[in-house]
1. Given the whole protein assembly as supplied and a 1.4 Å probe, what does the accessible area of R42 come to in Å², nearest 10?
2. Could you pull out which residues in region 43-61 have an amide N less than 19 Å from a spot 7 Å beyond the Cα of N88, following the Cα-Cβ vector?
3. On a straight-distance basis, which lysines could pair with K120 in a cross-link, Cα separation under 24 angstrom, same-chain partners fewer than 8 positions away excluded?
4. Would you work out the relative contact order for region 50-129, in percent, from Cα pairs under 8 angstrom that are 6 or more residues apart?
5. If amide H atoms are built 1.01 Å from N in the plane of the peptide, which residues on other chains or at least 5 residues away come under 5 Å of the amide H of Y68?
6. Consider all pairwise Cα distances in region 35-144 and report the whole-number % of them above 18 Å.
Amino acid sequence: MYAFGRLLWRARAGSRRTVAGCRPPPVDADHDLEEILANNKRWVAATNAADPTFFPKLAEGQSPQFLYVGCSDSRLVPNDMLGLGLGNLFVHRNVANLVVASDLNFLSVLTYAVEHLDVKHVLVTGHYDCGGVRAAMKNRGLGH
């Protein structure tokens, strides 16, 4: 279960479907580079078939209202969890969804989002049982 702000998303037991209706591969699946590139080509073809204007519209630019700051956890898909399509959510992810004043990467994202994209809301999110937060709380070196 993942909670952030007032939004709660819970994976249904036995269900492997995401909000977009795609069935993700098993967690332990092995993937190689050629396979994921082929998956991308299939996605592009299917997307073009469903909406030939999809990519040209995206190329016109973005004007998201939200900056999402969240964990890099590979099990989370911010756009899907929030029900927002591509171009509607500017995303910054890092381990344990940290917001640190000395992090130049985060400051660059925040500055660009606020000053150039004119985002209206910054969502700093988290999820239950975050490994990054757990590691930070143990106060020991990583990899042990």
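The values are calculated or read from the model by the stated rules, or taken from the named source; none is laboratory data. Keep in mind that this is a model prediction, so the values were computed, not measured. With ideal geometry, Cβ positions are generated from the backbone for all residues, glycine too; neighbour counts draw on all protein chains shown. These area figures cover heavy atoms from the full protein model, side chains too; ligands, DNA and RNA do not enter into them. Shrake-Rupley method; radii C 1.70, N 1.55, O 1.52, S 1.80 Å.
1. Solvent-accessible area, nearest 10 Å²: 140 Å².
2. Flagged as within label range: 47-48, 50-61.
3. Within the straight-line limit of under 24 Å, K120 reaches these lysines: K57.
4. Answer for region 50-129 is 41 percent.
5. F90, V91, H92, L123
6. 62 percent
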